[in-house]
Amino acid sequence: GKLGLGKLMTQLGRMHIDSVLLEGGGTLAWNMLRGGYVNETRIFMAPKIIGGKTAPSPVSGNGFEKMDMAKTFSLKELRNVDGDIYARFVREEGET
């Protein structure tokens, strides 16, 4: 009963939709990164640390096995928004 991300992204492209907002949690974020669908990230971070093994993570899944497999992004914007940190990153040229 689930729609594959590849099919979803293809269908969105056919509809001329080239930007989506992900708010599905770490599993969705991991699958989008792993699939190569993320070109830009915009992150809001509160100046609070909760930590712990059971704390939510922005990216779940297995992660990348080696550092050279990691997705690389460049910081394009950083600012304070009502006490929270806003950061915008864009995928490096040539990254897949």
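Could you give every pair whose Cβ atoms fall below 8 Å, whose first residue belongs to region 47-69 and is under 29 Å from ARG79 (Cβ atoms), and whose second residue is open to solvent by 100 Å² or more (accessible area, probe 1.4 Å) and part of a loop (DSSP other than H, G, I, E, B), counting only separations of at least 6 or pairs across chains?
Short answer, once both residue conditions are applied: none.
Do you know which of the residues in region 46-95 that are open to solvent by 100 Å² or more (accessible area, probe 1.4 Å) and under 22 Å from LEU28 (Cβ atoms) is nearest to the chain's Cα centre (by Cα)?
Within region 46-95, the match that is nearest to the chain's Cα centre (by Cα) is PRO58.
Got a number for residues in region 8-39 being loosely packed, with under 10 Cβ neighbours inside 10 Å and not in a loop (DSSP other than H, G, I, E, B)?
Going through region 8-39 one residue at a time, the tally reaches 1.
The values are calculated or read from the model by the stated rules, or taken from the named source; none is laboratory data. Not measured: the values here are computed from a predicted model. Reconstructed Cβ throughout: ideal geometry from the backbone, glycine too, with neighbour counts over all protein chains shown. SASA here: full protein model, heavy atoms, side chains in, ligands and nucleic acids out. Shrake-Rupley method; radii C 1.70, N 1.55, O 1.52, S 1.80 Å.
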